[in-house]
Amino acid sequence: MTLSVDRDLGTPAPPADAKPVTVEIDGLPVTVGEGASVMRAAALAGVDIPKLCATDSLDAFGSCRLCLVEIDGRRGTPASCTTPVTDGMKVRTQTPKLEKLRQGVMELYISDHPLDCLTCPANGDCELQDMAGVVGLRQVRYGYDGANHLDAQKDTSNPYFDFDPAKCIACSRCVRACGDIQGTFALTIEGRGFASKVSAGAAETFLDSECVSCGACVAACPTSTLQEKSVVELGIPTRTVATTCAYCGVGCSFKAELRGDELVRMVPDKNGGANEGHACVKGRFAFGYATHPDRKLEPMIRENITDDWQVVDWDTAINYTATKMREIQARYGAGAIGGISSSRTTNEEVYVVQKMVRAAFGNNNIDTCARVCHSPTGYGLRQTFGESAGTQDFRSVAKADVIVVIGANPTDAHPVFGSRMKRRLREGAKLVVIDPRRIDLVRSPHIEAAYHLPLRPGSNVAMVNALAHVIVTEGLVDREFVDARCEEFDVWAEFIARPEHSPEAVEPITGVPAADVRAVARLYATGGNGAIYYGLGVTEHSQGSTMVMGMANLAIATGNIGRDGVGVNPLRGQNNVQGSCDMGSFPHELPGYRHVSDDAVRNVFETLWQRPVLTEPGLRIPNMFDAAIDGSFRGLYVQGEDIAQSDPNTGHVFAALESLDLLVVQDLFINETAKFAHVFLPGTSFLEKDGTFTNAERRINRVRPVMASRIGKHEWEIPCEIATAMGYPMSYENAAQIMAEIAAVTPTFTGVSFDKLDRLGSVQWPCNDEAPEGTPIMHVDEFVRGKGRFIVTTFVPTTERTTRKFPLVLTTGRILSQYNVGAQTRRTPNVLWHDEDVLEIHPHDAEVRGIDDGDEVVLTSRVGETRLHAMLSDRMPVGVVYTTFHYPECGANVVTTDNSDWATNCPEYKVTAVQVALRSVRVPDAPQHAESDDLVHTGEGR
């Protein structure tokens, strides 16, 4: 491991606006920001100072005593990592005195280490060994007397890395990384002096501890004390490919490190705009699914879904698909076929799928998984701000003073951003959590929410209206901002000031004390920069779009928009949900969110594609299912989505898929949807892709192939070949050419190219002539639509009711170790942490049903039933149960209904009236007239 100024400047950078000062390092002048360390100044001058405990991702610690320097006019030899520069300072880093001190310190380290760094074979992965050479150590005079830690047993419990305490030098880097970067505080230094050692708290092993396996400790370790098992097995990597994680919407940048053609490890990129060197257990370690034996690498065909699959070549599969699609159109009409694009594929792959549907299929029957997660975000923010995306970059949270988390669970679903948020909370920002479930952020090490509003399921919009009521009636509106930049305020203010929206009036609906609601409204309006972060607990409701507009109303009423530390920020679930929407995957919108009825917009695409684009929107996913069942929709191409597991009311989905004459599934594995398919087309993992992902902050990141395509072609070629076989010639030389076409027809992408992304690392759209390097913060001087628009948000209770037969409310969510429907993470060692979906139920609800922890229970709703094991938990209020949806055996969506958002048809996953009973106990029927008047809604982040 060689020292590199580009890789590590020793200590974090001072603020960007820090006053410049000039110092002299070994006679070399260098100008740095005031507050920078001597070590950082030296590195910028090209002078590497020996170090072990220092790293630019952690605050200075000064424990290793290797980085000592001499400073003119000062006595002693201070640590360069903890000594700030002053103007005119003169520093010497190499003197006989310093050499002797460093050699003595290094001798002590090595004497307490099982390997003699002077004779150990170089392995390229140990900074202790590197430093032994840097300080010029030639001998070790001290011997091991058998009374220390060198006989300590290695901990191999974690599936991804080992902990060998015999090699530990107690530098504290792992402890500080766990606390400062990850925010878990699972590690500590136990004991004193020679008895000091790293401990995983009260747990016997790392696996049993609070460790979340993010790998920050492994990355920080300067020896091989903490080391990836893959490195031990495969050896030190020899080459690197920069790419982007394909899990959640954070979009972390990684350096894939390989030995030959074999992937050894994923190292978070310190220059990654979204993650800045951090990662989670999925992104850093759970990449083994790409080479899992379950992957299907050849096309397959069958006439009937009861037949066995027949492996065929690509030409046969493509021609079969094209022929069947044309036959369906000839018999049932041009609109009888359609496609669903994937939020796990690249922008380029999504773009060619929607182009295939519009130009080759000849209709607008294209939709995407965003329909069932964040479509209300697109609708709501477009109505209020004029753009269908979040307003900030992730760095913005560092300037927030009040953070409001609504219907999201960042530490589980968006863990790297969750760690960034926790860092700001430890610095003093106030946290408000609005969610019926007590997520980890409410109370975790060194963090406690100022307020947790456990609103009653069913009251999202009532709650946001009550918050707005306080702001309006107590004179907390930022009138200067509103008057200058907004419209329709008076109509909205008259509506929101009505008595029925007061916290006292809605308390019976929300279940939250009016005093707490008033306190939160005042804090958000007057506490400095207020930022809202929300998830699927906001959007997956019958009033999802209304709630998004309600949050936008709050932001503009208080002036919390258009600068760092504020905004309305959706936390997207999958890696390219934002991109799949940007690329025109909705039946009513072409790329760039422009309606198909716009003649000028259609002309752009018709001129380029040389095919007419229909003026009428096509079918949404729910409409496709209904039309399949009634016989008018007969052929469906599904790109990388497991709709049979992820979409609501599974029985209805199954019936629709069984009704199709042709179902084409393109994916990595035979998933639940593929069980109904007639054609299976293999796809590529992110490690084989060349293209871009767009994350939740609108950041366009490059995805580069780490390995050759295992299916023999690029995934974007497949829709092109289907379109060509159907009579519409469609081809590209490479993914860069597809992006060039996207840029040519999409105003927000005008300035995007692979060359620019390779040069800058990433950009955030809009990227165009006005913003050639992208737009981190939206709506700075004016809104995209001109003026921010206040919209009346009437609370309309959901039609999903609790009854005597179904008295509980089910809500669903995610867990840290698993991802979405689990197709990827279930094929990795992540199953060690979560090997089944369980039903969290409040002890009171369990007791009255005779349910003990671990019992198998039957979960029943109006549309279906499934079985899970119960886990007693008081994280939900009485009357609410919760489960995840990562395992098909659980079948959580067997019981969810097809109720949906009024504007977008986003399913109401978060509100399902259910009953829970022991498997051996029959749930009694109840008279249909015995319905309660209680209405249910929920806000848990999925």
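Read-outs: derived from the displayed coordinates by stated rules, not from any lab. The model shown is predicted, which means the values in this text are computed figures rather than measured ones. Please note: Cβ atoms are built from the backbone with ideal geometry, for glycine as well, and neighbour counts cover all protein chains shown.
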Worksheet item: How do ASP130, ASP835 line up, fewest other C-beta atoms within 10 Å first?
Response: ASP835, ASP130
Practice prompt. Of the listed values (1) 1.10; (2) 1.03; (3) 0.98, grab the one calculated as Rg/Rh (Cα atoms, Kirkwood Rh) from the structure here.
Written response: (3)
Practice prompt. First select every other residue whose beta carbon is under 14 angstrom from the beta carbon of HIS834; then total the charges, Lys and Arg +1, Asp and Glu -1.
Written response: -2
Fill in: 12 Å beta-carbon shell around THR93, net charge (K/R +1, D/E -1)
0
Item to complete: In whole Å, largest first, what are the principal axis extents of the Cα atoms in region 169-301?
Response: 65, 31, 29
Worksheet item: What dipole magnitude, in Debye to the nearest 20, does the chain give about its Cα centre under +1 on Lys/Arg Cβ and -1 on Asp/Glu Cβ?
Response: 1580 debye
Item to complete: Per residue of region 720-731, in order, report the coupling 6.51 cos²θ - 1.76 cosθ + 1.60 (Karplus, θ = phi - 60°) as ³J(HN,Hα) in whole Hz, putting x for Gly and Pro.
Response: 4, 6, 5, 4, 4, 5, 8, x, 10, x, 8, 7
Worksheet item: How long is the gain from ALA515 to LEU608 if the chain were fully straight, where each residue apart is worth 0.36 nm and the alpha carbon distance is subtracted?
Response: 27.6 nm
Practice prompt. Please give every one of the lysines within straight-line cross-link reach of LYS675, meaning a C-alpha to C-alpha distance under 22 Å, and leave out same-chain neighbours fewer than 8 residues apart.
Written response: LYS296, LYS324
Fill in: Residues ALA505 and ASP874, FRET efficiency given R0 of 35 Å [Cβ-Cβ distance, rounded to 0.05]
0.75
Fill in: Residues of type lysines that LYS229 reaches as a straight line, Cα spacing below 16 Å, ignoring anything fewer than 8 places off in the same chain
LYS154, LYS167, LYS282
Practice prompt. Indicate the gyration tensor shape class of region 377-565 (rounded, prolate or oblate), computed on the Cα atoms with a ≥ b ≥ c the square roots of the eigenvalues: a/c under 1.5 is rounded; otherwise a/b larger than b/c is prolate and the rest oblate.
Written response: rounded
Item to complete: Rounded to the nearest Å, what's the spacing between the alpha carbon centres of region 817-864 and region 491-519? Just the number, please.
Response: 35 Å
Fill in: Sites GLU494 and LYS97 - FRET efficiency at Förster radius 60 Å, r taken between beta-carbons, to 0.05
0.20
Practice prompt. Starting with the fewest neighbours, write out CYS906, CYS64 ranked by other beta-carbon atoms found within 10 Å of each beta-carbon.
Written response: CYS64, CYS906
Discussion item. Could you tell me the calculated FRET efficiency between ARG759 and THR22, based on Cβ-Cβ distance and R0 = 30 angstrom, to the nearest 0.05?
Written reply: 0.50
Worksheet, complete the sentence: With the dipole of the chain defined by +1 on each Lys or Arg Cβ and -1 on each Asp or Glu Cβ, the option from ALA389, GLY133, VAL838 whose Cα lies farthest towards the positive pole is GLY133
Practice prompt. Could you name the lysines whose alpha carbon sits less than 22 Å from that of LYS805, not counting residues in the same chain fewer than 8 places away?
Written response: LYS910
Discussion item. If packing is taken as the average number of other Cβ atoms within 10 Å across a peptide's residues, how do 386-393, 860-867, 159-166 rank, most packed first?
Written reply: 386-393, 159-166, 860-867
Practice prompt. Give, in nm to one decimal, the length gained when the segment between THR615 and SER597 is fully stretched (0.36 nm per residue of separation minus the Cα-Cα distance).
Written response: 6.0 nm
Worksheet item: Of the listed peptides 696-705, 624-633, what is their order by residue-averaged count of other C-beta atoms within 10 Å, with the highest listed first?
Response: 696-705, 624-633
Response to the item:
The distance between the Cα centres of region 155-178 and region 522-583, in whole Å, is 39 Å
Fill in: Listed peptides 433-443, 471-481 by packing density, highest first (mean Cβ within 10 Å)
433-443, 471-481
Worksheet entry | Separation between Cα centres of region 19-66 and region 426-472, rounded to whole Å | 41 Å
Item to complete: In nm, give the distance between the simple-model label positions of LEU832 and ARG331, each being 7 Å from the Cα along the Cα-to-Cβ direction.
Response: 5.2 nm
